[in-house]
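**Q** Let me give you the structure first, and then I'll get to my questions.
The values are calculated or read from the model by the stated rules, or taken from the named source; none is laboratory data. Only a predicted model underlies this, so the values are computations on that prediction, with no experimental measurement involved. Using ideal geometry, Cβ is built from the backbone for each residue, glycine included, and neighbour counts are taken over all protein chains shown.
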Amino acid sequence: MARRPHPDQIDLLAWSPGNPVIAFAPQDIRAASLAASIAKAVSASLKKPGLTRAQIAERMSAYLGEPIGENMLNAYASEARAEHIINVVRFIALIDATGDRRLLQMIAEPFGWDVIDQKYRRIIRRAQRDEAIRRLQEENETDRLNGEDIL
């Protein structure tokens, strides 16, 4: 008879690291235009649990020092209201109010960039240094094999 593991024991082979990039599911913000995609992203962000639209509007107003109404948020979240595309200053206030990093990721992604939490910066820098060392070692080895070794 096989022994059963303790119920609190973690299966280390089943563990996989989480994704450091937090993004909208592509189908959630897919639209015919960039403006419509942004409206969908704003809408999804406003639906995030924990805050009402009124609370988000209040936080944005405090951040900007100017009144932002719930009706304005509704307009920003509507694909049908093409004349009400959120501007970058209010977009930043929305990110601040909601804490929704997916909004930043949707802007970065088309450029091949990712929005990563600063706590990973040291690890990324280390990986960059390791990659540079590997590349230089490969160049040195190629030089040596080509008889260009200077030592």
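**Q** Residue check: is residue 101 more than 30 Å from residue 47 (Cα to Cα) and either surrounded by 10 or more Cβ atoms within 10 Å (Cβ to Cβ) or touching a Phe, Trp or Tyr at 6+ places or on another chain (Cβ under 9 Å) (or both)?
**A** Spelling it out, it is not the case that residue 101 is more than 30 Å from residue 47 (Cα to Cα) and either surrounded by 10 or more Cβ atoms within 10 Å (Cβ to Cβ) or touching a Phe, Trp or Tyr at 6+ places or on another chain (Cβ under 9 Å) (or both).
**Q** Is there any pair linking a residue in the stretch 33-62 that is assigned by TED's automatic domain parsing to the domain that holds residue 73 to one that is among the hydroxyl-bearing types (Ser, Thr, Tyr) and part of a loop (DSSP other than H, G, I, E, B), with Cβ under 8 Å and at least six apart or on different chains, and which?
**A** 39/78; 43/78
**Q** So which helices (runs of 4 or more DSSP H) stay within the stretch 66-131 end to end and still have 3 or more residues that are under 11 Å from the mean Cα position of the chain (by Cα)?
**A** Counting at least 3 such residues, we get 102-108.
**Q** How about the stretch 21-78: which of its residues are of a type in the set (Ser, Thr, Tyr) and farther than 19 Å from residue 107 by Cβ?
**A** Answer for the stretch 21-78, where residues must be of a type in the set (Ser, Thr, Tyr) and farther than 19 Å from residue 107 by Cβ: 52, 61, 78.
**Q** Restricting to the stretch 12-32, count the residues that are free of Cβ contacts under 8 Å to residues at least 60 places away in the same chain, under 21 Å from residue 112 (Cα atoms) and in a helix (DSSP H, G or I).
**A** Number satisfying all stated conditions: 3.
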